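Working notes, structure below.
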Amino acid sequence: MWSEGDYRVTAASPIFEVEDASLAFGGNRALDSVSFNMVAGELLGLIGPNGSGKTTLLNAVGSIYPLSDGKISFERQRIDSLSMHEVTRAGIGRMFQAPRIFPHMTCMENLLAAGFAVREDAESREDLIHRGEELLTSLTIDRFRDTVAGSMSGGQRMLLQFARTLMLRPRLLLLDEPFGGVHPKLIEVMLERIRTLHEDGLTIIMVSHDLPTIMGLSQRIIALANGKLIADGTPAEVREDPVVIDAYLGG
Amino acid sequence: MTRFEKLAAVVALALALVVPLIFDSYLIRVAATALYFVILATSWNLLLGFAGVLSFAQAAFAAVGAYTSGLMCLHLGTPPIVGVICGGIVAAAVGWVLARMCLRLRGPYLALMTIGFSEILRLVLQIEHEFTRGSLGLEMPYLFPMDEPNHALGYLVMLALALACLVAIYKFVNSEAGLYLKAIREDEDIAQAMGIDTVKWKINAFVVSSLLAGLAGGLFAHLFVQVIAPQMLLLSEMALILAATIVGGLGTLAGPVIGAVLLVVGQEVLREISPHAHLLLFAILVIVVMKFFRRGFFGLLQDRLRSRGLLATVPPFTKL
């Protein structure tokens, strides 16, 4: 059975490596030689002004866009040439900026589709349903278990999307603006959950425009501007970095 | 299933079983034609209604089944029942090849490719008349070694296949496969990001769908058509399958059944006015349904029955 403790990893060597990742759309370099590493259990905040390449970087990790150059590895396996579903099965779970749930399916169907797709043979349908119910309860949306997802509010869909991503039991969690359009009370629920996952040793990359939240949550921040990595350090260091201030304020 | 759903299924089956007892040979044939289209519409619904894949090749797969069997009887002298089974297998195999080639494409490109396949096959069957007998028609010996075709018996065989097809599709969509197909229909990119091998599952759905169409094509041809011609691949045949599914209710199990029965009966009634009047009816019905109630007749009915608690609201596969 699944338990919160399963994420705990002791190795200190990097489990996620991005090396000289570049991605060009025509002449526009959306990512320009971005490199960074993460050790297991790290919570990394990814910030940058609009159009700086944050979502593009997550898309490259998830194989939605193929890299033009460079490489990305997870747990010592190259993942940049895998297809989208293989990346997910390799242990990387992605939450999208817009809550793209499956609208004509019930919440439980949404969760099971993801759960079944990546399940290990030992896990039965009943196990998956139990796990789904636990997730819905912990995110306070258990009353919608058999509701068609398209009839839920934007914030509730975001929570469902979060639950669906956790159904994948990721070892690296990518969160793209997880609080966008979510009611403050529900944000608190999500934050609580993210903290718990982090304490249990899950490796997380989070993109957010909400600087106070992301600075408070992360131990480390990297900043992008025009597709380039311009800062990498603790929240305090990045906050004081003149290059970052210039990128945000100077446009 | 709720008690009401079970009752409705039993009543429908009882009505279907009464048909050969009370109708004459002509009406039994009409009813068997309805069953033939029930199978084609139900299997096509697996593609568009569940996986969101628009294919125009369903009539073509029925033809693959029928021609495989007919040609085997003519050239190899195999018994029709063996031919029907081989026809299903060949249709599934051709479905697999076509799916491998075009299911990486999406939307209109995929649809165009299936139209192309269907038309090419029709022309080949027509032109290669030395082998296929072209427009002269290919004779289909009766399924059973009897002197006279027995329509009541033929009807019961079609009914058995239709039931088997409905049960198979029910099992398929109420399993993890059903979840994957629906997820693909809803949002293919996200389905993939959730770890679903979307191409593989679309191919699986295509193969199951082609297999059922191939079996139906062969069986119906041996029992009721006697002489088949490349006309069975005309897009007007496909129009009936498409209209029946949409008018009945896409993505539901009962929808294509209701639609196929309704439209085949409508076609027979309108035949007295003009041989092509039914196409006009189909077109109007499809437009009205798409404009005013997209979920079809069964969709309308579903809302009423659900609000009275007569239909299951929780998908059985997600229940503990």
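The values are calculated or read from the model by the stated rules, or taken from the named source; none is laboratory data. Since the model is a prediction, treat every value here as computed from it, not as a measurement. We place every Cβ from the backbone using ideal geometry, glycine too, and count neighbours over all the protein chains shown. Accessible surface areas use protein heavy atoms only, side chains included; no ligands, DNA or RNA. Shrake-Rupley method; radii C 1.70, N 1.55, O 1.52, S 1.80 Å.
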If you project the alpha carbons of the range B:46-89 onto their three principal axes, what span does each projection cover, largest first, in Å? 40, 14, 9
From zero up to wherever the largest Cα-Cα distance of the range A:175-230 sits, split into 10 Å bins and tell me the percent of pairs in each. 20, 55, 21, 3
GNM of chain A, Cα pairs under 10 angstrom: of A:G53, A:G27, A:G154, the biggest fluctuation goes to A:G27
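Of all beta bridges DSSP finds with both residues in the protein assembly as shown, what is the antiparallel percent, to the nearest 5?
Details: 23 of 40 bridges.
Rounded to the nearest five, the antiparallel share is 60 percent.
Listed highest first by mean packing, meaning other Cβ atoms within 10 Å per residue, what order do B:226-236, B:59-69 come in? Walk me through the numbers before you get to the answer.
On the way: B:226-236: 17.5, B:59-69: 29.9.
By packing density, highest mean first, the sequence is B:59-69, B:226-236.
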Kirkwood radius from Cα pairs of the protein assembly as shown plugged into Stokes-Einstein at 20 °C, 1.002 mPa s, gives D in µm²/s equal to 81 µm²/s
Give me the accessible area per residue for the range B:1-78, probe 1.4 Å, as a whole number in Å². 41 Å²
Please report the antiparallel percentage of the DSSP beta bridges confined to the range A:151-234, to the nearest 5. 50 percent
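For chains A and B, what's the summed buried accessible area, probe 1.4 Å, to the nearest 100 square angstrom? If you can, show how the numbers build up before the last one.
Numbers: alone 11500 and 15760 Å², together 24780 Å².
Interface area, both chains combined: 2500 Å², rounded to the nearest 100.
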How many angstrom lie between the Cα centre of the range B:171-206 and the Cα centre of the range B:78-99? 25 Å
Shielding by partners, peptide A:82-88 (average Cβ within 10 angstrom, other chains): 5
DSSP-defined antiparallel bridges as percent of all bridges, chain A, nearest 5: 55 percent
Residue-normalised 222 nm signal for chain A, counting each DSSP H run of n ≥ 4 as -39,500 (n - 2.57), nearest 500 deg cm²/dmol, is -11000 deg cm²/dmol
Each residue of the range A:179-188 in turn: what ³J(HN,Hα) in whole Hz from Karplus with 6.51, -1.76, 1.60 and θ = phi - 60°, glycine and Pro shown as x? 9, x, x, 9, 4, x, 5, 6, 4, 4
Counting pairs of Cα atoms in the range A:13-250, how many percent are more than 31 Å apart? 22 percent
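Taking a 31 Å limit on the Cα-Cα distance, which of the listed pairs B:K200/B:K319; A:K54/B:K319; A:K54/A:K185; B:K182/B:K291; B:K202/B:K291 fall beyond it? Don't skip to the answer; put the middle values down first.
Numbers: B:K200/B:K319 26 Å; A:K54/B:K319 39 Å; A:K54/A:K185 26 Å; B:K182/B:K291 23 Å; B:K202/B:K291 28 Å.
In this structure, A:K54/B:K319 lie more than 31 Å apart at Cα.
Any chance you could run the full-extension gain for A:E199 through A:S22? It's 0.36 nm times the residue separation minus the Cα-Cα distance, nm to one decimal. Mind showing how you got there, number by number?
Numbers: separation 177, 0.36 × 177 = 63.72 nm, distance 3.22 nm.
This chain segment gains 60.5 nm when fully extended.
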At 0.36 nm per residue, minus the direct Cα-Cα distance, what do B:A283 and B:L76 gain on full extension? Give it in nm, one decimal, please. 70.3 nm
Leading residue at positive end of dipole, the protein assembly as shown (Cβ point charges), from B:M194, A:Q156, B:Q58: B:Q58
Calculated FRET value between A:R100 and B:M146, using beta carbons and R₀ = 45 Å, to 0.05: 0.20
Per residue in the range B:295-320, which ones lose no less than 30 Å² of accessible surface when going from chain alone to all protein chains (1.4 Å probe)? B:V314, B:P315, B:F317, B:T318, B:L320
With labels modelled as points extended 7 Å from the Cα through the Cβ direction, what inter-label distance (nm, one decimal) is found for B:A93 paired with A:S151? 4.8 nm
Please list the radius of gyration and Dmax for the range A:104-163, considering alpha-carbon atoms only, with Å as the unit. 11.1, 35
Any chance you could check the Cα centroid distance between the range A:120-172 and the range B:226-263 for me, in angstrom? 38 Å
1/(1 + (r/R0)^6) with r = Cβ-Cβ of B:K319 and B:E268, R0 = 35 Å, i.e. FRET efficiency to nearest 0.05, evaluates to 0.25
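Starting from the range B:79-147, pick out the trypsin sites (Lys or Arg not before Pro) whose DSSP state is loop and whose Cβ has at most 16 other Cβ atoms within 10 Å.
Values: sites: B:R100, B:R104, B:R106, B:R122, B:R133; in loops: B:R104, B:R106, B:R133.
Answer by residue number: B:R104, B:R106.
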Under the definition of partner shielding as Cβ atoms of other protein chains within 10 Å of a residue Cβ, what is the mean value for peptide A:115-122? 4
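Consider all pairwise Cα distances in chain B and report the whole-number % of them above 30 Å. Present the calculation step by step, with values, prior to reporting the outcome.
Values: 16491 of 51040 pairs.
Summing the P(r) of chain B above 30 Å gives 32 percent of all pairs.
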Taking amide hydrogens as modeled 1.01 Å from N in the peptide plane, which residues meet the under 5 Å criterion relative to A:L44, leaving out close sequence neighbours? A:I204, A:I205, A:M206
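Can you give the mean number of other chain Cβ atoms that lie within 10 Å of the Cβ atoms in peptide B:173-183?
Details: counts 0, 0, 2, 8, 1, 3, 12, 3, 1, 6, 9.
Partner Cβ neighbours, averaged per residue: 4.
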Accessible area drop of at least 40 Å² (1.4 Å probe, protein heavy atoms): which residues of the range B:194-217 qualify, relative to the chain alone? B:M194, B:G195, B:D197
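Per residue, how much accessible surface does the range A:112-251 expose to a 1.4 Å probe? Answer in Å², no decimals. Kindly include the intermediate steps, with their values, before the conclusion.
Values: 5720 Å² over 140 residues.
I get 41 Å² per residue for this part.
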Taking a 1.4 Å probe, which of A:L172, B:L153, B:L48, B:L7 shows the most accessible area, and what order do the others take after it? B:L7, B:L153, B:L48, A:L172
The range B:195-245 - percent of accessible surface contributed by carbon and sulfur, probe 1.4 Å: 70 percent
Under 13 Å from a point placed 7 Å out from the Cα of B:R104 along the Cα-to-Cβ direction: which residues of the range B:186-218 have their backbone N that close? B:199-200
In terms of modelled amide H atoms, which long-range or inter-chain residues lie less than 5 Å from the amide H of A:K228? A:D32
Over the Cα atoms of the range A:134-179, how large are the radius of gyration and the largest Cα-Cα distance (Dmax), in Å? 10.7, 31
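Please identify every one of the chymotrypsin sites (Phe, Trp or Tyr not before Pro) in the range B:246-320 that sits in a loop by DSSP and has no more than 10 other beta carbons within 10 Å of its own beta carbon. Each step should come with its number before you reach the end.
Working: sites: B:F282, B:F292, B:F293, B:F297, B:F298, B:F317; in loops: B:F293.
Here no chymotrypsin sites (Phe, Trp or Tyr not before Pro) fit, given the DSSP loop and packing criteria.
Please report the carbon-and-sulfur percent of the accessible area for chain A; probe 1.4 Å, protein heavy atoms only, DNA, RNA and ligands left out. Spell out each step's value before the answer.
On the way: 5180 of 10320 Å².
About 50 percent, which is the carbon plus sulfur part of the accessible surface.
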DSSP loop GluC sites (Glu not before Pro) with at most 12 other Cβ within 10 Å: longest gap in chain B: B:129-271
Simple spin-label model, 7 Å along Cα-to-Cβ: B:A312 to B:L27 in nm? 3.5 nm
